[in-house]
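**Q** Take this structure, written in structure tokens, and hold onto it; I'll ask about it next.
The values are calculated or read from the model by the stated rules, or taken from the named source; none is laboratory data. In this text the structure is predicted, and so the values were computed from the model without any measurement. Every residue, glycine as well, gets a Cβ built from its backbone with ideal geometry; the counts of neighbours run over all protein chains shown.
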Amino acid sequence: MGFESSESAVAVLGLEGFVLLAAVEVDGELQQLVETKASAVGCSGCGGRALSKGRRKTKVRDLSRGGRPVVVVWAKRLWRCGDTDCDVKGWSESSPLIAPRASLTERARAEACRRVGRDNHAVAQVARSLGVGWATVMGAVRDYGTPMVDDPDRIGAVSALGLDETAWQRANATRHTAFVTGFVDIVAGRLLDIVAGRSAKVVEDWLAKRPEDWLAGVSMNRPGFRGHS
């Protein structure tokens, strides 16, 4: 595969610590050949200067550019320790922007979570747009979304809390109907959380995780909530 240099592509790369060597369009996709800026690396074992073992190309998908899918081709450096007595023999360079064996750059994974979580796009739709599988996008949603959901400051002050139960999976020959309980900020009109089950214990367990000063400012409104034990 040949690459042609592109000044415009250099300007839009935006991966800290990387430089763009060249770019070319292949079958409607923009493929960008990149490398890190590292020129000298020390061994993690003995601290001695690492020696080059060549390169290995790694492909990951990135954010689209100008409506075109983008594939980042990382010419990853391979290193070895020059000290024969060192226990560290060889390794490949790494970057927090592209995880080992990743299908997407980390910024593409973060964007996938935003589109699913904030923009309410279907996981399958986002996966198609990025050229990856459903499980890859769902993994990004879990990794980036879980810390946001678990953040105690996410909910903020609530003066009126509403509860309701919803059947999200109907009964069939092999399972009972599955219910979830929704917690809603009635004043702001926003959904705070959804938890599995519809019992009073489900509500009590959720409230038990809230700070005392938060609970002190909340009044309860439970339309349609029967509080089964």
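**Q** Looking at the stretch 130-144, can you tell me whether even one residue there is at positive phi, out of contact with any Leu (no Cβ under 8 Å at 6 or more places or on another chain) and surrounded by fewer than 18 Cβ atoms within 10 Å (Cβ to Cβ)?
**A** Yes, some residue in the stretch 130-144 is at positive phi, out of contact with any Leu (no Cβ under 8 Å at 6 or more places or on another chain) and surrounded by fewer than 18 Cβ atoms within 10 Å (Cβ to Cβ).
**Q** Oh, and also: Taking the stretch 159-186 only, how many residues are of a type outside the set (Phe, Trp, Tyr) and surrounded by 13 or more Cβ atoms within 10 Å (Cβ to Cβ)? Even if it seems obvious, please write down each step before you answer.
**A** Pass one, the stretch 159-186, residues of a type outside the set (Phe, Trp, Tyr): 159-167, 169-178, 180-182, 184-186.
From what's left, surrounded by 13 or more Cβ atoms within 10 Å (Cβ to Cβ): 160-165, 178, 180-182, 184-186.
Within the stretch 159-186, residues that are of a type outside the set (Phe, Trp, Tyr) and surrounded by 13 or more Cβ atoms within 10 Å (Cβ to Cβ) number 13.
**Q** Going by the structure shown, is Arg198 touching a His at 6+ places or on another chain (Cβ under 7 Å), basic (Lys, Arg) and within 18 Å of Ser64 (Cβ to Cβ)? Before the answer, list the steps.
**A** Working: touching a His at 6+ places or on another chain (Cβ under 7 Å): yes; basic (Lys, Arg): yes; within 18 Å of Ser64 (Cβ to Cβ): no.
So Arg198 fails the test.
**Q** Among the numbered criteria (1) within 17 Å of Val218 (Cα to Cα); (2) within 27 Å of the chain's Cα centre (by Cα); (3) touching a residue at least 12 places away in the same chain (Cβ under 8 Å), which single criterion is violated by Ile194?
**A** Condition not satisfied by Ile194: (1).
**Q** Restricted to the stretch 145-158, and to residues that are farther than 21 Å from Ala216 by Cβ and either in contact with a Gly (Cβ under 9 Å, 6 or more places away or on another chain) or at pLDDT below 85 (or both), which residue is surrounded by the fewest Cβ atoms within 10 Å (Cβ to Cβ)? Before you say what the answer is, go through the steps one by one.
**A** Here is the first cut: in the stretch 145-158, the residues farther than 21 Å from Ala216 by Cβ are 145-150.
When the remaining residues are screened for being either in contact with a Gly (Cβ under 9 Å, 6 or more places away or on another chain) or at pLDDT below 85 (or both), the result is 145, 148-150.
Details: Gly145: 16, Met148: 11, Val149: 11, Asp150: 9.
Looking at residues that are farther than 21 Å from Ala216 by Cβ and either in contact with a Gly (Cβ under 9 Å, 6 or more places away or on another chain) or at pLDDT below 85 (or both), I get Asp150.
**Q** While we're looking at this one, here's another question. Looking at the stretch 105-129 only, could you name the residues that are surrounded by fewer than 19 Cβ atoms within 10 Å (Cβ to Cβ) and touching a Phe, Trp or Tyr at 6+ places or on another chain (Cβ under 6 Å)?
**A** Ala110, Val123, Ala124
**Q** Next up: If a residue has to be within 15 Å of Ser92 (Cα to Cα) and modelled with pLDDT under 90 to count, how many in the stretch 1-41 make the cut?
**A** 5
For (1) out of contact with any helix residue (DSSP H, G or I) (no Cβ under 7 Å at 6 or more places or on another chain); (2) surrounded by 15 or more Cβ atoms within 10 Å (Cβ to Cβ); (3) within 30 Å of Gly139 (Cβ to Cβ), each residue gets a yes or a no:
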{"residue": "Val60", "(1), (2), (3)": "yes, yes, yes"}
{"residue": "Gly67", "(1), (2), (3)": "yes, no, yes"}
{"residue": "Arg77", "(1), (2), (3)": "yes, yes, yes"}
{"residue": "Cys81", "(1), (2), (3)": "yes, yes, no"}
{"residue": "Lys89", "(1), (2), (3)": "yes, no, no"}
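**Q** Next question. Does Arg56 meet the test of being modelled with pLDDT of 90 or more, surrounded by fewer than 14 Cβ atoms within 10 Å (Cβ to Cβ) and either among the small types (Gly, Ala, Ser) or part of a strand (DSSP E or B) (or both)? If you could, list the steps in order and put the result at the bottom.
**A** Values: modelled with pLDDT of 90 or more: yes; surrounded by fewer than 14 Cβ atoms within 10 Å (Cβ to Cβ): yes; either among the small types (Gly, Ala, Ser) or part of a strand (DSSP E or B) (or both): yes.
So Arg56 fits the description; yes.
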